[in-house]
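Asker: Structure in structure tokens, see below.
The values are calculated or read from the model by the stated rules, or taken from the named source; none is laboratory data. Not measured: the values here are computed from a predicted model. Using ideal geometry, Cβ is built from the backbone for each residue, glycine included, and neighbour counts are taken over all protein chains shown.
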């Protein structure tokens with residue numbers, strides 16, 4: 001018998017509220033930090049994992065935790081589109097797009113072979129590559145639902161992205177000054193090679209105000225590559241499911257567009273287009289962005305609450321090695337492309 005709408009709300013409310021409480025605590029901790037180095041999403045993820053480790057979640061919160069980690073996560077990605085502007089791509093220009101094409105190829109092209117060499121499952125490998133190549137936690141959060149990634153894979157990919165972002169925040173300004181990069185060259189480098197938005201901002205403005213402004217603009221352009229990437233992975237996932245069915249001797253699956261097209265990413269793209277035409281007031285866009293970020297923090301808290309440390313431990317160190325290799329290659333690829341196109 002199907003659950004009524006009020007009954008469904010009652011079922012998911014406890015778990016949702018638990019995630020929201022952790023998100024609020026994570027946001028407070030983020031704001032309390034003297035220097036903005038760690039995003040609230042990472043803090044919420046770790047708090048959720050710690051809570052799950054010490055206290056076994058009662059059964060009445062599990063439905064809400066699952067709902068928040070899946071449905072609310074998708075809704076947060078949709079709202080994120082209201083803060084993006086496709087005209088930013090034109091403003092940043094062909095230079096940043098050229099560098100991004102090479103860094104994305106490095107992440108997903110070379111990352112595929114690195115993941116296979118380390119024996120990682122393709123979902124975890126590509127989540128790490130997406131976090132490194134596109135925009136950290138947002139990219140991981142967007143791709144995870146369309147490939148049916150496990151919460152433990154999401155948590156591991158987020159952790160790898162976070163650890164290497166911390167190193168980049170410290171090392172990038174030092175390396176930029178050592179190479180005597182201009183503000184634009186450094187901003188382009190940081191905007192294409194550093195992962196999470198908060199980390200790009202920290203690394204960019206640590207160099208100069210102008211470098212920080214340009215790095216942030218490049219980072220927003222990078223975020224738009226979520227759209228084609230998610231669509232490609234949706235197609236890959238359905239093809240792999242078809243192949244699996246064929247290998248098992250079962251009837252070949254029929255492709256259904258409803259299962260291929262991630263409708264939430266179309267909502268994300270739609271809001272980005274609407275915002276590009278100036279149809280969303282700046283104040284409303286800001287509110288939607290803040291709501292999106294908070295709901296994403298809540299979703300990561302729920303993922304943490306649903307993640308078992310034993311599962312992460314069973315993955316070993318190879319995912320971290322994968323993240324390190326890809327991060328280093330992206331840093332090198334980005335600065336090498338800048339050199340060859342004459343920015344350095």
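Asker: Which condition from (1) out of contact with any helix residue (DSSP H, G or I) (no Cβ under 9 Å at 6 or more places or on another chain); (2) closer than 26 Å to residue 319 by Cβ is the one that residue 128 breaks?
Answerer: Residue 128 satisfies every listed condition except (1).
Asker: Would the stretch 178-198 turn up any residue that is at pLDDT below 80 and over 23 Å from residue 319 (Cβ atoms)?
Answerer: no
Asker: Now, a different point. I want to confirm something. Restricting to the stretch 50-65 and keeping residues that are in a helix (DSSP H, G or I) and out of contact with any helix residue (DSSP H, G or I) (no Cβ under 7 Å at 6 or more places or on another chain), which single residue is modelled with the lowest pLDDT?
Answerer: Looking at residues that are in a helix (DSSP H, G or I) and out of contact with any helix residue (DSSP H, G or I) (no Cβ under 7 Å at 6 or more places or on another chain), I get 59.
Asker: Still on this structure, I have one more. Might you let me know whether the stretch 283-305 holds any residue that is more than 22 Å from the chain's Cα centre (by Cα), at pLDDT 85 or above and not in a loop (DSSP other than H, G, I, E, B)? Break it down into steps so the answer makes sense when it comes.
Answerer: Within the stretch 283-305, the subset more than 22 Å from the chain's Cα centre (by Cα) is 283-284.
Narrowing the set further to residues that are at pLDDT 85 or above leaves 283-284.
Of the ones still in play, those that are also not in a loop (DSSP other than H, G, I, E, B) are 283-284.
Yes: one or more hits.
Asker: Quick check on the stretch 239-264: of everything there that is under 30 Å from residue 83 (Cβ atoms) and in contact with a helix residue (DSSP H, G or I) (Cβ under 9 Å, 6 or more places away or on another chain), which residue is modelled with the lowest pLDDT?
Answerer: Top of the filtered list is 259.
Asker: Is it the case that residue 312 is at pLDDT 85 or above, surrounded by 13 or more Cβ atoms within 10 Å (Cβ to Cβ) and assigned to a helix (DSSP H, G or I)?
Answerer: Details: at pLDDT 85 or above: no; surrounded by 13 or more Cβ atoms within 10 Å (Cβ to Cβ): yes; assigned to a helix (DSSP H, G or I): yes.
No; evaluated as a whole, the condition is false for this residue.
Asker: Could you pull out the residue among 95, 79 that is at pLDDT 80 or above and within 22 Å of residue 276 (Cβ to Cβ)?
Answerer: Exactly one residue qualifies, and that residue is 79.
Asker: I've got another one for you. Quick test of your reading of the structure: residue 85 fulfils all but one of (1) within 29 Å of residue 44 (Cα to Cα); (2) part of a helix (DSSP H, G or I). Name the failing condition by number.
Answerer: Against the list (1) within 29 Å of residue 44 (Cα to Cα); (2) part of a helix (DSSP H, G or I), residue 85 comes up short only on (2).
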